1. Please enumerate the residues belonging to region 100-113 that are under 13 Å from residue 143 (Cβ atoms) and within 12 Å of the ligand (Cβ to nearest atom).
2. Return the only residue of 86, 137, 120 being surrounded by fewer than 20 Cβ atoms within 10 Å (Cβ to Cβ), on the phi < 0 side of the Ramachandran plot and more than 17 Å from the chain's Cα centre (by Cα).
3. Which one is farthest from the ligand (Cβ to nearest atom), of the residues in region 142-155 that are surrounded by fewer than 20 Cβ atoms within 10 Å (Cβ to Cβ) and not in a loop (DSSP other than H, G, I, E, B)?
4. With respect to residue 132, determine if the residue is closer than 21 Å to residue 75 by Cβ, of a type outside the set (S, T, N, Q) and within 11 Å of the ligand (Cβ to nearest atom).
5. Quick check on my filter: what residues within region 65-95 are more than 11 Å from the ligand (Cβ to nearest atom) and at pLDDT below 95?
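The values are calculated or read from the model by the stated rules, or taken from the named source; none is laboratory data. In this text the structure is predicted, and so the values were computed from the model without any measurement. FYI the Cβ positions are ideal-geometry reconstructions off the backbone, even for glycines, and counts take in every protein chain you see.
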Amino acid sequence: MFPAAFKTIALVASVSASTIVAASWKATLDPVEGSGISGESTVTPDNAMPMRDTTAPRTEGGLMARISIKGAKANDSLAWHVHSGTCGSANAPVVGKDSDYAPITVGANGEGSAHANVSTRLEPNGQYIVNVHKSVTDHTVVSCGALRSDGVTPDTR
Ligand SMILES: [Cu+2]
């Protein structure tokens, strides 16, 4: 039973590698330079099971990114994004558009959350991070974490 199930999974993985990437990603964000701001983030496909409707235009689908943080200053408004690259890399490009990411509004308890719909996909073998910035206008990084895929990651080597 196990070997048969394994073959099925392997087949699905090899088919999806060339068509869709149904992976979810997670990051744990740590404070940068003593900001005290930590958090969690997830990135998931926003249409994990695309239906091929031949009468509709083909849509590539996108992703849903979520973040929650704690340890921030009450009532602050903080920019955040998924970026490609690694924590500490300068000028890591934003995945999608800046305007896709509504700022995090911090509550009286120093906690806040936000989500973003981004009309792109993450490459299965890409390197991505989630970071939080000092404010909406000051993009100094105050918290950062590497995204790790917990979904199907095709081995292309
Ligand atoms: Cu950013």
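1. 104
2. Selected residue: 137, the only one of 86, 137, 120 that is surrounded by fewer than 20 Cβ atoms within 10 Å (Cβ to Cβ), on the phi < 0 side of the Ramachandran plot and more than 17 Å from the chain's Cα centre (by Cα).
3. Start the filter on region 142-155 by keeping residues that are surrounded by fewer than 20 Cβ atoms within 10 Å (Cβ to Cβ), which leaves 146, 148-155.
Among the residues that remain, those that are also not in a loop (DSSP other than H, G, I, E, B) are: 146, 148-149.
On the way: 146: 14, 148: 18, 149: 20 Å.
Taking the candidates together, the pick is 149.
4. Values: closer than 21 Å to residue 75 by Cβ: yes; of a type outside the set (S, T, N, Q): yes; within 11 Å of the ligand (Cβ to nearest atom): yes.
So residue 132 passes the test.
5. 88, 89, 90
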